[in-house]
Amino acid sequence: MGLTVTEKVLSTHIGEGRLARGEEIGLKVDQCLTQDSTGTMAWLQFESLRLPKVKCELAVSYVDHTSLAFKGESADDHLFLQTVARRFGAWYSKPGNGVCHQVHYERFAVPGKTLLGSDSHTPTSSALGMIAIGAGGADVAVAMGGGYFFMKVPRIVRVNLIGKLQWGVSAKDIVLDVIRQLTVKGGVGCILEYAGSGVDTLTVPQRATITNMGAETGATTSIFPSDGVTRDFLRRQGREQDWTPLAADPDAVYDRELTVDLDALEPLVAMPGSPDNIKTISSVEGFEIQQVYIGSCTNGSHHDLSRGAAMLQGRHVSPDIECILSPGSRQVEQHLLGDGSYASYVDAGFRMVEPGCHACIGMGYVPGYQHHSVRTVNRNWFGRGGSSDARLILASVETAIASALAGKLADPRKLEPVDPGDAYESGYLVDDSMLIQPLDAADAARVEIRRAPNIQPIRPQTAPPDVLRGEVILKVGDGISTDDILPAGGLTQHLRSNLPEIAKFTYHYIDKGFARRALEKGGGFIIGGENYGQGSSREHAAMAPWQLDVSAVLAKSFARIHRANLVNAGVVPLITDTDAIEFGDVLEIDITQLELGEWKAQNVTRNQPFSVRADLTGRDREILRCGGLLAYTRKMHS
């Protein structure tokens, strides 16, 4: 039986376990990335391992989420990240160099390698045929220290692309269609592997859009083969030596298959509330909007933005709305300047901002009360974009440009086709001056790590009692995202290296009294619904409840990364039917029975036993017994 692309990469990186569906493996990690939103915590955790330098082949510390430094604490974080990277042998990507995912696939991604990043959209680099996975900062810290990343071998879903995209339809519409078919939880426990004749028609930036936003299905990652298109992209980047061919065997076996017919696909949008609230543009055309934002790691490539510029030639955006553009990387920005596309945006009335995350996470350009913003980003839950009152609509660059011109949702197919050409066929503009290379060991040892008062150490993790007893201090419903648990944006972004302070904003949008109540009660339990913790790899959404002494979260199901982050933080994730448990109930849970898989807990208030289930590996249970991953790692190396 032949192998899939996924199996070929995984099989060469197994350090522990065996390649069998559902079994746990320890994955050797070649590359790691962090960013400034999650990176300060990841590097603080790496420091706790007391290693002299990173042990993976390559590590990069990026600054992209708070690159504009709206608060001085963010600038403090940047200096910490720069000096800690230089001390421990990592690259450092300076503010303004671009979004980590865009820069990484341009300058570092290698077919056949593995990448672990402290950001849920790390799978972007899988566009080049590598296994790139988003994880919590603690997992990345361990991987930077040479440890394995532990995961269950996922099911592999073949996404069969047939046909060719028509004018006005883009890679964003492909991935929106995949999300429409799978929903935001249909990819959990899976890797989406793209195949079929349609793959050959897609550039690497188009593939990157698809692998980036595949994270919204809950999938572990998405992956494309490494082919001639991949080789040409690496040639243009001056990295052709990194190319290796990688394709599935003809007799490879998949667990499931779904198909996207590119010929029949039409422009799609995700209306506010969820990335799977998907409509055809024809069904919502004319919908009133107040803002258009183009860029981000999903659609910040030159491939996308040059098309948008060509559509704007000789036109001006509607005077009724504001329009913003942020390139995905400095290389993209230089390309736009070089071929005249940048001027086209400025002349058409766009506001320009340096490469970075910015509006996607609510750092600037926050929409007003119930304002509708068309964005080429990847997430649109309420609370995303810096305000729970904003209403975000996800769309392709083509749809966003058509809408910017019309001042309302518009179908790009009604504009005449344009072809921006290929100004960089001979090679891209490669300028790595904002990427600071690692120092040699002698120079690195002399670097002083700069840490301001806002950068606080993590309190020690301690073993829990055998029986968890406490009150239900919050009950929430289905689809709770990490933005719900701990908001992004200007409210908290400057506090990412100060857990006691950022914890005060836990569940800020849903229940502003939660943090105070948790402290008054001495912790307790959170009750959730389906797909609890969907979205970002933001481990602060697990560590902040831990800081408030939440000992367990009980839900009907968990998103992959958040569940792992809870375990790493020492917070027990338990699966149960939560309908009969109410706010204020006192629960007793005997966690000595974790090995049983399923056992009885007690609702003391109602004098009722109820079943709980722990979908945990043996390693997970040991981590929880120690009180968290850092305590477990120290124990294993003591």
* To do: Show the residue pairs that are 6+ apart or on different chains and have beta-carbon atoms under 7 Å apart, the first residue being within the range 412-432 and on the phi > 0 side of the Ramachandran plot and in contact (Cβ under 8 Å) with a residue 40 or more places away in the chain, the second being surrounded by 11 or more Cβ atoms within 10 Å (Cβ to Cβ) and basic (Lys, Arg).
  => GLY427/ARG236
* Structure fact -> Cβ pairs under 6 Å, 6+ apart or interchain, first in the range 50-73 and among the aliphatic types (A, V, I, L, M), second part of a loop (DSSP other than H, G, I, E, B), ordered by first then second residue, are LEU51/GLY145; VAL54/GLY89; VAL54/ALA90; ALA59/ALA90; VAL63/PRO95
* Structure fact -> Checked the range 10-38 for anything surrounded by 22 or more Cβ atoms within 10 Å (Cβ to Cβ), within 13 Å of GLY146 (Cα to Cα) and of a type outside the set (A, V, I, L, M, F, W, C); matches are GLN31
* Quick check: anything in the range 395-402 in the same structural domain as GLN290 (by TED's automatic domain parsing) and over 30 Å from LEU234 (Cα atoms)? -> yes
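Per-residue answers, yes or no, for (1) buried (at least 22 other Cβ atoms within 10 Å of the Cβ); (2) β-branched (Val, Ile, Thr); (3) out of contact with any Ser or Thr (no Cβ under 9 Å at 6 or more places or on another chain); (4) assigned by TED's automatic domain parsing to the domain that holds GLU530:
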site	(1), (2), (3), (4)
GLY214	yes, no, no, no
THR217	yes, yes, no, no
SER222	yes, no, no, no
SER226	yes, no, no, no
PHE233	yes, no, no, no
GLN237	no, no, yes, no
THR244	no, yes, no, no
TYR254	no, no, no, no
GLU257	no, no, yes, no
* Could you tell me whether the range 203-220 includes any residue that is part of a helix (DSSP H, G or I) and over 18 Å from the mean Cα position of the chain (by Cα)? => yes
* Could we say that ALA85 is assigned to a helix (DSSP H, G or I), within 21 Å of THR221 (Cα to Cα) and hydrophobic (A, V, I, L, M, F, W, C) here? -> no
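Yes/no per residue for (1) in the same structural domain as ARG231 (by TED's automatic domain parsing); (2) surrounded by 24 or more Cβ atoms within 10 Å (Cβ to Cβ); (3) on the phi < 0 side of the Ramachandran plot; (4) part of a loop (DSSP other than H, G, I, E, B):
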site: LYS55; (1), (2), (3), (4): yes, no, yes, yes
site: ALA59; (1), (2), (3), (4): yes, yes, yes, no
site: PHE70; (1), (2), (3), (4): yes, no, yes, yes
site: ASP77; (1), (2), (3), (4): yes, yes, yes, no
site: PHE80; (1), (2), (3), (4): yes, no, yes, no
site: GLN102; (1), (2), (3), (4): yes, yes, yes, no
site: SER120; (1), (2), (3), (4): yes, yes, yes, yes
site: SER126; (1), (2), (3), (4): yes, yes, yes, no
* Asked: When you look at GLY535, is it of a type in the set (Gly, Ala, Ser) and either surrounded by fewer than 20 Cβ atoms within 10 Å (Cβ to Cβ) or modelled with pLDDT of 95 or more (or both), yes or no?
  -> no
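Per-residue answers, yes or no, for (1) among the aliphatic types (A, V, I, L, M); (2) under 17 Å from the mean Cα position of the chain (by Cα); (3) closer than 16 Å to PRO225 by Cβ:
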position	(1), (2), (3)
ALA127	yes, yes, yes
GLY163	no, no, no
VAL169	yes, no, no
CYS190	no, yes, no
ALA195	yes, no, yes
ASP200	no, no, yes
* Structure fact -> Filtering strands (runs of 3 or more DSSP E) wholly in the range 520-638 for at least 1 residues that are among the hydroxyl-bearing types (Ser, Thr, Tyr) and over 24 Å from PRO460 (Cβ atoms) gives 608-613
* To do: Say whether the condition of being touching an Asp or Glu at 6+ places or on another chain (Cβ under 8 Å), on the phi < 0 side of the Ramachandran plot and not assigned by TED's automatic domain parsing to the domain that holds ASN97 is met by at least one residue in the range 334-341.
  => yes
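The values are calculated or read from the model by the stated rules, or taken from the named source; none is laboratory data. None of the values given here were measured: they were computed from a predicted structure. Positions of Cβ are generated from backbone atoms using ideal geometry, with glycine treated the same way; all protein chains shown enter the neighbour counts.
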